[in-house]
Amino acid sequence: MIGKIISGNHLQRSQIKLAWVFLAPSLIALVVLGFYPLIRTFFLSFTDSTRGSVEAGNFIGLKNYLELFSKNEYWSSVFNTLLFTIGSVGLEFFLGLGFALLANSKFRARGYARAAMLIPWALPTVVAARMWGWMFNDVFGVINDLLVLKLGILSKPVAWTAQPVWAMISVILVDVWKTTPFVALILLAGLQQIPEELYEASQVDGANSFQKFFLITLPLLKPAIVVALIFRTLDAIRVFDVIWILTAGRFGTESIGTYNYRNLIDFSRLGFGSAISVTIFFIIAIFVVMYVKAIRIQDE
């Protein structure tokens, strides 16, 4: 008996060592590609380094942060980023949930419908944003052509990406069109993990469709919802490409990412740009902690 226990412990230790061997390359890559740049960015944020003289920068303490927090442009970019995040992630969640429920239902050509649903997400962001930029054009864009000439809803063309109010709405709509399939895919995977027996049992008990959704589907889909919201929130907070291509950060769409790009590339202020990157990191961390705490409260 004792021999079997010793043999089992030895086998368990061997399996743990083998697991660390397989995990070692990934952990090394994570440290080199993740933690080192993060620590380096923290260090540079306390210097006056520029792109042309990274190592020659002097330690200036919190000067970059004090300057950053005193700039209206920074707080405006934070507000725009949060507005973009709330608008895009909120719409993507509700639309993605609807598409996931539709794709999970049984109907003819369901496979083709699922494949077509993924097309926007499969397109590179640059291609999608450029395509929508042409569609939003006030001279030859198909959207103005449809609303003005075909439907007569508008009396004259609108420069959708060149007006403060419409520019942010246009950017959000493009991101929603592009990324809703990603949210739908995650939620669809969660829906397929829910046992069909639960719905059959609720059917026997006389539950209607709304009761099935709120008492079975939504609670059991919570882990997938959290994953989708966290991933999309992280992406939305550091948004750059879709805004840069459509508006270049003008007309009230300057995000933290585009504001950081201007300081790092246009003004070559590596230390100041690193301070902006650090604030982006902490904003993302705050959102992640909020999601995790919300889930823990619901589980208690």
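The values are calculated or read from the model by the stated rules, or taken from the named source; none is laboratory data. Quantities reported herein were computed from a predicted structural model and do not represent experimental measurements. Backbone-built Cβ (ideal geometry, glycine too); neighbour counts: all protein chains shown.
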Worksheet item: Exactly one of (1) touching a residue at least 40 places away in the same chain (Cβ under 8 Å); (2) small (Gly, Ala, Ser); (3) crowded, with 16+ Cβ neighbours inside 10 Å is unmet by Ser268. Its number?
Response: (3)
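Results for (1) modelled with pLDDT under 90; (2) exposed (fewer than 15 other Cβ atoms within 10 Å of the Cβ), shown as yes or no for each residue.
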{"position": "Ile119", "(1), (2)": "yes, yes"}
{"position": "Phe136", "(1), (2)": "no, no"}
{"position": "Val158", "(1), (2)": "yes, no"}
{"position": "Trp166", "(1), (2)": "no, no"}
{"position": "Asp175", "(1), (2)": "no, no"}
Worksheet item: Any residue in the stretch 103-113 that is touching a residue at least 40 places away in the same chain (Cβ under 8 Å) and over 17 Å from Thr247 (Cα atoms)?
Response: yes
Discussion item. Residues to consider are Thr179, Thr217, Thr161, Thr233; find the one that is polar (S, T, N, Q) and touching a Lys or Arg at 6+ places or on another chain (Cβ under 7 Å).
Written reply: Thr179
Worksheet item: Restricting the first residue to the stretch 250-263 and requiring it to be in the same structural domain as Ser170 (by TED's automatic domain parsing), which pairs with a second residue that is charged (D, E, K, R) and in a helix (DSSP H, G or I) meet a Cβ separation below 7 Å and a spacing of at least six or different chains?
Response: Tyr259/Glu73
Fill in: Of residues in the stretch 199-223 being of a type in the set (A, V, I, L, M) and loosely packed, with under 15 Cβ neighbours inside 10 Å, the one nearest to the chain's Cα centre (by Cα)
Leu218
Practice prompt. For Val89, state whether it is within 27 Å of Trp244 (Cα to Cα) and surrounded by fewer than 16 Cβ atoms within 10 Å (Cβ to Cβ).
Written response: no
Discussion item. So in the stretch 207-230, with the set limited to residues that are touching a Phe, Trp or Tyr at 6+ places or on another chain (Cβ under 8 Å) and not β-branched (Val, Ile, Thr), which one is farthest from Leu187 (Cα to Cα)?
Written reply: Lys212
Discussion item. Cβ-Cβ under 6 Å, sequence separation 6+ or interchain: first residue in the stretch 195-210 and over 17 Å from Asn104 (Cβ atoms), partner modelled with pLDDT under 80 and loosely packed, with under 10 Cβ neighbours inside 10 Å. Which pairs?
Written reply: none
Practice prompt. Say whether the condition of being part of a helix (DSSP H, G or I), under 17 Å from Leu246 (Cβ atoms) and under 27 Å from the mean Cα position of the chain (by Cα) is met by at least one residue in the stretch 144-153.
Written response: no
